[in-house]
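Written below as structure tokens is the structure these notes are about.
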Amino acid sequence: MNRRELLDKLSASAEERVAGTTEGVTAIQMDLKNRGLTMEIIADALERCRSRNVPEESGFLSPHEQALAGQLMQALGVQEGWALWGGYEGAQRRQMHFLPDWAQGPEAGAIRALRCRFYETDHPTHRDFLGSLMGLGLTREKIGDILVSPQWADVLVGSSVADFLLQEWSQAGRVHLRLLEIGPEEIAVPEQPAKLLRDTVASLRLDSVLAAGFSLSRSAAADLIRSGKVEVNWMSCEKPDAPVQQGDVLTARGLGKCLVESVGGQSRKGRTGITMKRFL
């Protein structure tokens with residue numbers, strides 16, 4: 001299957017999923033636009049891997065783009081020979097790696113980690129680091145996670161730009177940086193502050209679980225969902241009665257993100273116990 005055939009098949013699959021809907025036309029069009037960009041990236045890398053029998057990877061993808069990429073692979077019926085990897089376990093921004101039949105996993109060195117040291121009193125932010133990288137001419141897909149700690153930041157980047165950054169990157173905002181490359185085992189992942197919540201819900205509907213996670217009334221949660229401001233596992237969902245399960249990540253625009261950490265049994269009144277982690 002060549003690149004054009006891949007894109008045609010993926011486009012047809014996308015059209016089937018939205019055919020006949022009238023709600024959220026603008027949101028659907030934007031989603032298809034994002035999907036089209038992702039299709040180009042994925043189709044190119046997949047074709048190169050298959051034709052040359054060598055590892056290939058996309059640029060770094062956002063969680064939403066990763067979800068789209070997974071759907072595209074399902075549409076193609078490609079179950080094996082690809083993986084998402086961001087340089088460490090739990091990475092949010094990850095590359096999509098296409099693997100030839102002889103490869104066991106993503107190629108070592110495809111992602112490199114740079115430690116940017118600074119004085120503890122300087123307090124550079126994620127925005128400072130990202131802005132300085134973009135100012136050097138890097139596009140977003142070349143940049144993975146930026147993990148800011150009190151005295152340094154570990155920045156994951158594509159191998160093609162790592163040497164350039166080691167030579168040219170010396171400042172984030174007004175903060176001077178001292179760079180060195182580190183191994184994957186040295187990456188320091190700051191603990192993200194979170195609040196553990198335990199509640200019961202009448203059912204595992206999205207509006208019920210969202211209300212529990214963000215301390216909303218069920219009607220307010222339903223309105224938020226219908227307005228297109230809620231994502232489940234990084235994909236927009238506008239159905240208040242959509243099912244939710246353990247492990248799902250719920251994101252509400254303006255409120256933040258929470259994880260359905262566990263689903264328990266039912267109480268005597270028939271309510272289901274849930275444990276959620278709301279990230280602060």
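Residues of region 246-280 that are outside any strand (DSSP E or B) and in contact with a strand residue (DSSP E or B) (Cβ under 7 Å, 6 or more places away or on another chain): Q246, G247, D248, S267, R271, L280.
Taking residues in region 216-245 that are under 15 Å from A67 (Cβ atoms), and partners anywhere that are surrounded by 18 or more Cβ atoms within 10 Å (Cβ to Cβ) and hydroxyl-bearing (S, T, Y), the pairs with Cβ atoms closer than 6 Å and at least 6 places apart or on different chains are E231/T251.
Looking only at residues of region 153-175 that are free of Cβ contacts under 8 Å to residues at least 40 places away in the same chain and crowded, with 20+ Cβ neighbours inside 10 Å, we find that the one that is nearest to the chain's Cα centre (by Cα) is A153.
Do we find that A222 is part of a helix (DSSP H, G or I), under 17 Å from I274 (Cβ atoms), small (G, A, S) and at pLDDT 95 or above in this structure? In short, no. Taking every residue in region 252-266 that is in the same structural domain as S208 (by TED's automatic domain parsing) and pairing it with any residue that is small (G, A, S) and surrounded by 14 or more Cβ atoms within 10 Å (Cβ to Cβ), at least 6 positions away or on another chain, the pairs with Cβ-Cβ distances below 6 Å are C258/G213; G264/G273.
Of the residues A211, A222, the single one that is touching a Pro at 6+ places or on another chain (Cβ under 6 Å), surrounded by 13 or more Cβ atoms within 10 Å (Cβ to Cβ) and not assigned by TED's automatic domain parsing to the domain that holds C116 is A222. Residues being buried (at least 20 other Cβ atoms within 10 Å of the Cβ), assigned to a loop (DSSP other than H, G, I, E, B), modelled with pLDDT of 95 or more and not basic (K, R) are entirely absent from region 126-149. Among residues of region 71-92 that are under 20 Å from A103 (Cα atoms), those with a beta-carbon under 7 Å from a residue that is in a loop (DSSP other than H, G, I, E, B) and small (G, A, S) at least six positions away or on a different chain give the pairs A83/G105. The residues in region 86-123 that are within 20 Å of L165 (Cβ to Cβ) and of a type in the set (A, V, I, L, M, F, W, C) can be counted, and the count is 8. Just one residue in the set D154, D207, D241 is over 17 Å from F279 (Cα atoms) and either part of a helix (DSSP H, G or I) or among the aromatic types (F, W, Y) (or both); that residue is D207.
The values are calculated or read from the model by the stated rules, or taken from the named source; none is laboratory data. From a predicted model like this one, the values you see are computed outputs, not experimental measurements. Virtual Cβ from ideal backbone geometry, glycine too; neighbours counted across all protein chains shown.
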